[in-house]
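Asks: Supplied in structure tokens, the structure appears directly below.
The values are calculated or read from the model by the stated rules, or taken from the named source; none is laboratory data. All values reported here derive from a predicted model rather than from experimental measurement. Glycine gets a Cβ as well: all are built from the backbone with ideal geometry, and neighbour counts include every protein chain shown. Please note that ligands, DNA and RNA were not included when accessible areas were found on the heavy atoms of the full protein model with its side chains. Shrake-Rupley method; radii C 1.70, N 1.55, O 1.52, S 1.80 Å.
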Amino acid sequence: MTEEELSARDRAVLALERRDWPGPGAKERAVREELGMVPVRYYQLLNALLDDPRALAHDPITVNRLRRVRESRREER
């Protein structure tokens with residue numbers, strides 16, 4: 001893996017975030033089962049990925065969508 005590539009875990013986090021979820025709890029269950037991590041850690045990693053230029057290069061649609069969501073939530077506070 002070169003320095004410019006995301007880790008497999010980082011790519012898996014972005015892939016999970018691209019999916020549609022049928023109802024409450026489904027995403028958190030997938031985080032535990034598919035990634036083997038607790039949801040709090042998942043969201044910490046995801047938030048860090050939103051500021052990583054490699055993540056933006058890998059999946060610009062998802063990263064930009066999540067950046068807009070994060071910014072709107074910040075403005076609501």
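Asks: Quick check: residue separation of Ala8 and Arg54 times 0.36 nm, minus the Cα distance between them. What number comes out in nm?
Replies: Full-extension gain reported as 15.3 nm.
Asks: Right, another one. Hey, any idea what % of the chain's accessible area is carbon plus sulfur with a 1.4 Å probe?
Replies: Reported share for carbon and sulfur atoms: 50 percent.
Asks: Could you work out how far apart the two model spin labels at Arg74 and Asn47 are, taking each label as a point 7 Å from the Cα in the direction of the beta carbon, and quote it in nm?
Replies: Computed distance between label sites Arg74 and Asn47 equals 1.1 nm.
Asks: Here is a follow-up. Please give, to one decimal in nm, the separation of the simple spin-label points placed at Ile61 and Leu16, each 7 Å out from Cα toward the Cβ.
Replies: 2.1 nm
Asks: Suppose we look only past 22 Å in the calculated P(r) of the chain. What percent of the Cα-Cα pairs does that tail hold?
Replies: Beyond 22 Å sits 25 percent of the P(r) for the chain.
Asks: Also, I was wondering about something else. In square angstrom, what is the accessible area per residue of the chain with a 1.4 angstrom probe?
Replies: Here the residues of the chain average 70 Å² of exposed surface.
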